[in-house]
1. From the phi of every residue in segment 231-240, what ³J(HN,Hα) in whole Hz does the Karplus formula 6.51 cos²θ - 1.76 cosθ + 1.60 yield, where θ is phi - 60° and glycine or proline is x?
2. Among VAL233, VAL297, which comes first, then next, by fewest other beta-carbon atoms within 10 Å?
3. Can you run phi through the Karplus equation (6.51, -1.76, 1.60; θ = phi - 60°) for segment 328-336 and list ³J(HN,Hα) in whole Hz, with x for Gly and Pro?
4. Provide the net charge surrounding HIS374, with neighbours chosen by a C-beta distance below 15 Å and charges set as Lys +1, Arg +1, Asp -1, Glu -1.
5. By the scheme Lys and Arg +1, Asp and Glu -1, what is the net charge of all other residues having a beta-carbon under 13 Å from that of MET102?
6. Using Cβ contacts closer than 10 Å as the measure, can you line up TRP277, TRP243, TRP9 from fewest to most?
7. Given labels modelled 7 Å from the Cα in the Cβ direction, how far is it in nm from ASN398 to SER17?
8. Checking the table LYS258/LYS278; LYS188/LYS212; LYS335/LYS406 against a 18 Å threshold on Cα-Cα, which pairs fail?
Amino acid sequence: MSTNKYPLWLGYMDMPSFLDNPITIVDSYGCTVIDSQGIEYIDLSSGIRNVILGYSEERIVKAVTEQMKKVTFVKGSSFGNEPALELAQEIQSIANISNPRMLFHNSGTEAVEASIKLIRQYSYLNNTNRNTIATLKNGYHGQTIGALSASGEEYSKEPFKPYLNGFTFFDLPQNDGDIDKLEFILKKDNTIGAIMLEPILGNGGVVEISEKYLKAIKNLCLKYNILLICDEVTTGFGRCGEWFLTNQLEPEIIIGGKVLANGYLPLSVVIVSEKIWKVFDEKGSFRHGQTNLNHPVCCACGLETLKILKEIDAPKLSLQKGEMIQTALQSLFDKRLVTSVRGKGLLWAIEFDSNIHKNHKTHKWLEKALLDKHFIVGQIDNIIFIAPPLIVNIEHINNFINMLGKCLEYE
Ligand SMILES: Cc1ncc(COP(=O)(O)O)c(C=O)c1O
C-alpha cells in the first residue's frame, strides 16, 4: 500500500501549487463557504454557476431526505418514478417545446452526449445520413470526447485528439455576413441534421447571440429541415432572466443542468420535442440508458429546487439582481486594464487587456489574488467570470469591486 498524503486530484487545478496550501471546504451558508481553517469565502461563482439559491436551502435537504426514505433508486429504463415524472411536468410548463419528453442525467455533459446520440439515431431510424451537427466555433458543451468534439474551445479539447467525426463549426453570428456563411455551410453539406448552440457563450466569454441572429438561425433550420438543439446548461432555469433564453425559437431539444438541482445533487435534463420522439415510437426505441437515468433522489432535489425557483419568480429576480450588478460594475470602467463588462441576469464577464498577465507566471493569478482576499470567482484567460446566487446583495458586489481594485493597483 502506498502512503500518498493527498490522493485526491482536482482536475483542471495546477496540483503542485494547490498542494503548497491546499484548501478544504468544510462548511457553508448563504453565499459563503468556509474552509478547514475557518476562513469564510464569498462565493460569487455560486459553485460552478449551479448553487443559485445559495448553500442554506433547508427545503431541498428535507425533500431529498424524504425521498431517500421512500425509494432511493429506480431502474430508469424499466420503470417510471414519481419525482422524475413530476419534475418533467413542472419543466413542461416553462419550456416552449411541443409535447416534450425528458431524460434526466447526472451532468450537462451527459445530457449533451445523449442529444448527440438522439440526432444520430434519429437519422439512422429515418434511413438518412444527416447525422452531422453544426456547432459554434467558440462554444462549450462539456467534457466527454463527444461533447468536447462538439465544442470549439481549444484549451480543453486539444490534448484529446483524435476528436469524434460528425461535427462542423460556424462563426458566432455578429453580422448578416456570418448568417450568409452559415447558410453556405448548410447548403453545401447535406449531412448536417442539427445545429447545437448556446444562446450566450458561457465559457466562451459571456458573449450573447442577438435575438435577430438567433431567429435567423432558426429560419435556416426551417429552410433546410435541420433540428435545433439549444444548450442552456448555464443559461437555463432562470439564471439569465428567462426560464430558457431560446424558448422563443421552439427548438427541438433544450438541454438544461446546473441550476436545476441547485448543485445539491448531480442533475441535468434533455427536453425532446414530439417531432423527434415520435420517430422513435414508430421505428425503434432510443438505445440509451445509464445506471442513474431519471434518478428519483436527484429528481426530488430538482423538483423542490424548481418549485422554489417558481415561487420566487427566479427569472424576474435574476434580472433585477443583474441590473444591480451592472450598475455597480460600471465603476470598473475607471480601472485601467478593464476593456469590457458584459452579462445578463446572474452571469457576468469582466474582460481585461491581455497585458494583464505580463508580470505573472500563471494567467490565473487574478483569480488566485481574489481568493486570497476571500472571494471565489472564475477566470479563463483575461476574463473574470462572476455568476452569483439569487441571494447576492449589493454589499457582496461592492466588496468584490473594492478587492478587485486592490488586486489591480500595482498592475
Ligand atoms: C453550455 C454548457 N454545456 C454543457 C456543460 C457541461 O456541463 P457539466 O459540467 O455539468 O458536465 C456546461 C458546463 O459548464 C456548459 O456551460
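1. Couplings: 8, 10, 4, 8, 8, x, 6, x, 4, 10 Hz.
2. Ranked by crowding around the Cβ, least crowded first: VAL297, VAL233.
3. 5, 6, 3, 4, 5, 5, 6, 7, 4
4. -4
5. Local charge sum for MET102: -2.
6. Fewest-to-most ranking of TRP277, TRP243, TRP9: TRP9, TRP277, TRP243.
7. Once both label points are built, they end up 3.2 nm from each other.
8. Among LYS258/LYS278; LYS188/LYS212; LYS335/LYS406, the Cα-Cα distance tops 18 Å for LYS258/LYS278; LYS188/LYS212.
Read-outs throughout are calculated quantities, based only on the coordinates presented, and are distinct from any laboratory measurement. Note that the structure is predicted; figures quoted are calculated from it, not measured. Please note: Cβ atoms are built from the backbone with ideal geometry, for glycine as well, and neighbour counts cover all protein chains shown.
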